[in-house]
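The values are calculated or read from the model by the stated rules, or taken from the named source; none is laboratory data. Because the structure is predicted, anything quoted here is derived from the model rather than measured. So basically every Cβ, Gly included, is an ideal-geometry build from the backbone, and we count neighbours across all protein chains shown. All accessible areas refer to the heavy atoms of the entire protein, side chains included, with ligands and DNA or RNA removed. Shrake-Rupley method; radii C 1.70, N 1.55, O 1.52, S 1.80 Å.
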Amino acid sequence: MNLPKFNSASTLSEAELLSRLHCPQIRKVIHFALGPIGTNIAQACNSWNHANGIQEKAEVILCSTPEASLAQARLVSEEGVLPLFWTCAVYFALNQLFFSNPDVLPFLFSHNMPLDNMQLCVRGELAGQDWNSGWQIASHPSPTPLVASLGNPVVKTTSNSQAAIMCSTGEVEACITTAQAAQIHGLVTVHEFGSPVMVFFAGTTQHGMRTLLG
């Protein structure tokens, strides 16, 4: 039968693989992470770069979805360039990404980080008004259960930051977003959900593993 097989992981530990990031044969690390600017995944990617001391040779490219991040990582074939694509433990379609791409290693590296304060926000001109059950809330599919009790119509979008853009431009009245995205787009917070610790993952392709292992 012509069925796929999972890519075999390295026998090296995560700590050993991390140490190889500093090897001279890896001259550049390109991260593909969910955008626009302000998403938790993009912030986790930058935090990981700093935690591992590779920010000087790292580049972050923001993508529209985690699937697009993986697709972009697949296009990298340049010698000495390590592509990493980023996901999150609560991404609603993570199982589909994993089982639809058995040739890649989605969970090669992990990074724990508190979520950037998740909040329910509105545009400034609505901030002084009573909450309206008819207001539309833009949200990535993953955090939508946070507002289920309100009964408001939810407009699903590709990221927390994109939700903030939709709110700021008047497409919807409210959104679930991050503190950074809310500040960038001038939104007003009406409720803070908090900052629980989340697990983020950096995966790579077959080319990436060859680059990493030298």
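General observations
- Where a residue in the stretch 108-123 is at pLDDT 95 or above and its partner, wherever it lies, is of a type in the set (S, T, N, Q) and assigned to a strand (DSSP E or B), with Cβ under 7 Å and at least six apart: LEU108/THR204; GLN119/THR177; GLN119/THR189; CYS121/THR177; CYS121/THR189
- The single condition from (1) in contact (Cβ under 8 Å) with a residue 24 or more places away in the chain; (2) of a type in the set (A, V, I, L, M); (3) open to solvent by 70 Å² or more (accessible area, probe 1.4 Å) that LEU3 fails is (1).
- Taken together, the criteria exclude ALA68 from residues that are part of a helix (DSSP H, G or I), surrounded by 16 or more Cβ atoms within 10 Å (Cβ to Cβ) and touching a Ser or Thr at 6+ places or on another chain (Cβ under 8 Å).
- Consider the stretch 92-113 and keep the residues that are aromatic (Phe, Trp, Tyr) and under 18 Å from ALA202 (Cβ atoms). The one that is most open to solvent (accessible area, probe 1.4 Å) is PHE107.
- Candidate set from the stretch 51-96 (those that are hydrophobic (A, V, I, L, M, F, W, C) and more than 15 Å from PHE32 (Cα to Cα)); member that is farthest from the chain's Cα centre (by Cα): ILE54
- Listed by first and then second residue, the pairs linking a residue in the stretch 45-70 that is closer than 17 Å to ASN101 by Cβ to a residue that is open to solvent by 70 Å² or more (accessible area, probe 1.4 Å), with Cβ atoms under 8 Å apart and 6 or more places separating them unless they lie on different chains, are CYS63/GLN72.
- Condition check for ALA58: within 20 Å of LEU212 (Cβ to Cβ), open to solvent by 10 Å² or more (accessible area, probe 1.4 Å) and among the small types (Gly, Ala, Ser): yes
- If you go through the stretch 35-55 and keep only what is in a helix (DSSP H, G or I) and open to solvent by less than 50 Å² (accessible area, probe 1.4 Å), you end up with ASN40, ILE41, ALA42, GLN43, ALA44, CYS45, SER47, TRP48, ASN49.
- Residue within the stretch 127-144 that is closer than 28 Å to ILE26 by Cα and small (Gly, Ala, Ser) present: no
- Condition check for GLN136: out of contact with any Leu (no Cβ under 6 Å at 6 or more places or on another chain) and over 22 Å from PHE200 (Cα atoms): yes
- Note on the stretch 161-210: residues that are open to solvent by 20 Å² or more (accessible area, probe 1.4 Å), among the hydroxyl-bearing types (Ser, Thr, Tyr) and touching a residue at least 60 places away in the same chain (Cβ under 8 Å) total 2.
- Filtered residue count, the stretch 114-139, keeping only those that are open to solvent by less than 20 Å² (accessible area, probe 1.4 Å) and under 17 Å from ALA89 (Cα atoms): 1
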